1. Run the dipole for the chain about the Cα centre, Lys and Arg Cβ at +1, Asp and Glu Cβ at -1, nothing else charged, and hand back the magnitude in debye, nearest 20.
2. Tell me which residues come under 5 Å, amide H to amide H, from C544 once H is placed; ignore anything under 5 positions away on its chain.
3. Counting only C-alpha contacts under 8 Å and six or more residues apart, can you give the relative contact order of the chain as a whole percent?
4. Using Cα pairs under 8 angstrom and six or more residues apart, how large is the relative contact order of segment 245-433, in percent?
5. Using only protein heavy atoms and a 1.4 Å probe, report how much of M429 is accessible, in Å² to the nearest 10.
6. Could you run the Karplus curve 6.51 cos²θ - 1.76 cosθ + 1.60 with θ = phi - 60° over segment 15-23 and give me ³J(HN,Hα) per residue in whole Hz, x for Gly and Pro?
7. Quantify, in whole percent, the carbon and sulfur part of the accessible surface of segment 126-231 (1.4 Å probe; protein heavy atoms only).
8. What residue among G388, A582, L51 has its Cα farthest toward the positive end of the dipole of the chain, where the charges are +1 on Lys, Arg and -1 on Asp, Glu, each on the Cβ?
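The values are calculated or read from the model by the stated rules, or taken from the named source; none is laboratory data. None of these values were measured; they are calculated from a predicted model. Cβ coordinates were reconstructed from backbone atoms using ideal geometry, including for glycine residues, and neighbour counts include every protein chain displayed. Side chains included, ligands, DNA and RNA excluded: accessible areas come from the protein's heavy atoms. Shrake-Rupley method; radii C 1.70, N 1.55, O 1.52, S 1.80 Å.
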Amino acid sequence: MCGIIGYVGNKDAVPIIVDGLKKLEYRGYDSAGIAVYKQNSFDVVKQKGRLAALEARLAERPLSGRMGIGHTRWATHGEPSDVNSHPHVGSKNKIAVVHNGIIENYKHLKERLEHWGIPFASQTDSEVIAQLAEHYYNGDLLDTVIHVSTVLEGSYALGVMCVDDPDILIAIKKDNPLIIGVSDHGNFIASDVPAVLKHTNKVYYLNDKEIAVLRNNSVEFFNIDKEPLEKPLETITWNLDSAEKGGYPHFMLKEIMEQPKILRETINSAVNNYKSVIDTLDVAKFNKIVITACGSAYNAGVVAKYVFERLCRFPSVETELASEFRYRDAVINEKTLVVLVSQSGETADTIAAMREAKSKGAVTLSIVNVVGSTIAKEADFCLLTAAGPEIAVATTKAFSAQLVLLYILAVWFAVKLGKITQKVEQELMSQIAALPEKAEDILKQIDSIQKYASTCVGYKSIFFIGRNIDYAIALEGSLKLKEISYIHSEAYAGGELKHGTISLVEEDTLVVAISNCATLYGKIMSNAEQVISRGAKVLLIGNCPAAKPDDKLFCIALPESSELFSPSLSVIVLQLFSYYVAANKGLDIDKPRNLAKSVTVE
Ligand code: M6R
């Protein structure tokens, strides 16, 4: 939920850390701070607000040093404030810590430490780590970090410095991501690769309870028993451009526009790399598929349920929110395939759902965007989406990549189950292969979508309806809009409208209707007429040549496509619509209030 970065090397750490924090701001942005080692003490600047506020403070009170740690926060314990910002330094001013995660037993630890007379400065759970470290410190920082980690319950990625060690930076993680970057001028710790990419594309992925000891010219790894570890050095293949705005006003717009390319790359990578993986999977042994995820990734799972059912005729395909699945004591066993969908691969509830599924003997298959993430590593099978780094908090391209990979998986499963012939497989695969070009056609309508969206900024509430697979994608349209425009929105199955929601429809309500299911066109149009006759306006998105636009009905036409794969096209219009509504409201689109990109805490 927060972003951390640390540097030890030959250069001034401060600009390196500030620049890295900019790349991590998507992880949290209510406050930020930096600590650098300076002659047997730490120099610390912490500031409530966006990173720009910290930069302004640094301009008034410059810092410099060859080793430092930085943090950008999404508050969990203690309001966003200067004092609650990280880094936290213990009361003896000996140890400084940045933390991403939640310390579940912090109250108990804090009470004990206070009982021993240790004063606390903040209301955070994280400060206990710095205080504990100082309390246990015996002159050996590595021993101390190991000791502290045995006491902490919860999740953490930590960067730790001690005033006695001017050139040692220690990192450890449990259930939150941390990478170690190595360069010719120094070494880094970071929550995510873009933070270090300006300096290096060589990284190590830290596993849980592994410890990295960084000096300016070396990195050593240890396990929790202080035994040395050998770890593979990975090379990141994407470049810095993919983590820059590239002339667009927002990352979200850039990422929407990248979708044809991302679809193409994900399809190619699936066909080239994953067909053989799926061939090793005995699909016929499963009697149930559970797709579980959170937020947009869950919505991708809802779409996929329709596709898997239609193509595979599986006895049971369920989609479930990971936050519910993990506590439901679901009836699953070795005959269940649990599919985890996650952009970050670090969502706490999805990780817990995966572990719950594995503990019950289910086979787990993940669809993940971030290489080296927990879900990518721990699931029995992992298919990577080729979306590249997604920076905007609201997902667009990663969602599209998830969808297309799920379609392909459903087609392959259907073949393995003997539900479709090879000829049908080829037809379906060529329909999937045609999606990138169709996505390009939709992006050509950007001006009319922008113009229409600019008339929608005044709505307090917008409803989304669809039937069948159009309902599934309506869920994502509604989530996207509320996330970035702060307009209340709900998605309903068209058939449910008359069972309650229609009571909310009044003069000038906006209803977004999605229609790609040919057999249900009449039904969704009759829903549209019902709301129009009660004063609503309708935005109709779909392949509906018979629709007659007027002052109450605005249509955005989609290219012809198979109904099953049409969500990949509808969603682009829905994303652009949300984007331009929010842009016309002048909102901070890439960093919507209260949200963070990666929800690594419950
Ligand atoms: O990293 P994940 O895909 O696991 O994240 C899941 C959700 O937190 C995420 O999709 C969230 O809903 C986004 N803000 C959607 O735009």
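1. Here the chain has a charge dipole of around 780 debye.
2. Amide H to amide H, under 5 Å and 5 or more residues apart or across chains, C544 pairs with L558.
3. 12
4. Computed over segment 245-433, the figure is 27 percent.
5. Probe radius 1.4 Å; accessible area of M429 about 30 Å².
6. x, 5, 5, 4, 4, x, 4, 4, 6
7. The C+S portion of the solvent-accessible surface of segment 126-231 is 43 percent.
8. Toward the positive end, the furthest listed residue is A582.
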